[in-house]
């Protein structure tokens, strides 16, 4: 019985020692796995962004506008992405976090249609007079539990126009304060931008 027990212990030690004798083997495997994971993660992120673009452009025109709230106001908006499903740039980087090992920044051109801000929900729902803003949207994502999660977005309008007699003309300066020209979590985005991308 003692001989059998000694044989089992020696076999076990031999198995663990085999890995310990080649310290570079585990490192090489980890590097290969992380390289594959990086490529796979970016491909997954691109699919997520394409889904975001497809969802935004699924319906036609005014039919896809959604009622939104920016306390204490209500407004309607919808968006177009003129460069199509693949018209965006992705920048990913590794982080020091174990729970979210990758962060990403996605930039894409966007045309945003939004109504004026209204105090009453009913007034916003009835408003069909949209302003058109053209600019760049920046969306930030983090990889959490193997899935990309949207952390925030920022849309900066380069040009804002209103429709007068079927023609888009530059919006008068006094009217700009009546519409939401920037969107979503601007304060949070600014803090995260600095912490993640150091800019």
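So residue 165 fits all but one of (1) surrounded by 14 or more Cβ atoms within 10 Å (Cβ to Cβ); (2) at pLDDT 65 or above; what number is the exception? All conditions pass for residue 165, except number (1).
Considering the range 115-134 alone, what residues qualify as being over 16 Å from residue 56 (Cα atoms), surrounded by fewer than 17 Cβ atoms within 10 Å (Cβ to Cβ) and out of contact with any helix residue (DSSP H, G or I) (no Cβ under 9 Å at 6 or more places or on another chain)? Residues satisfying the conditions are 119, 120, 121, 122, 123, 125, 126, 129. Within the range 94-114, restricting attention to residues that are within 20 Å of residue 147 (Cβ to Cβ) and within 12 Å of the chain's Cα centre (by Cα), the residue that is surrounded by the fewest Cβ atoms within 10 Å (Cβ to Cβ) is 105. Would you mind stating whether residue 85 is closer than 23 Å to residue 48 by Cβ and under 11 Å from the mean Cα position of the chain (by Cα)? No: the conditions fail for residue 85. Kindly list the number of the only condition in (1) at pLDDT 90 or above; (2) touching a helix residue (DSSP H, G or I) at 6+ places or on another chain (Cβ under 9 Å); (3) within 19 Å of residue 139 (Cα to Cα); (4) surrounded by 14 or more Cβ atoms within 10 Å (Cβ to Cβ) that fails for residue 86. Among (1) at pLDDT 90 or above; (2) touching a helix residue (DSSP H, G or I) at 6+ places or on another chain (Cβ under 9 Å); (3) within 19 Å of residue 139 (Cα to Cα); (4) surrounded by 14 or more Cβ atoms within 10 Å (Cβ to Cβ), the lone unmet condition for residue 86 is (4).
Set side by side, the residues 103, 35 differ, and just one is modelled with pLDDT under 95 and on the phi < 0 side of the Ramachandran plot, which is 35.
The values are calculated or read from the model by the stated rules, or taken from the named source; none is laboratory data. Bear in mind the structure is a predicted one, so any value in this text is a computation, not a measurement. Don't worry about glycine lacking a Cβ; one is built from the backbone with ideal geometry, like all the others, and counts go over all protein chains shown.
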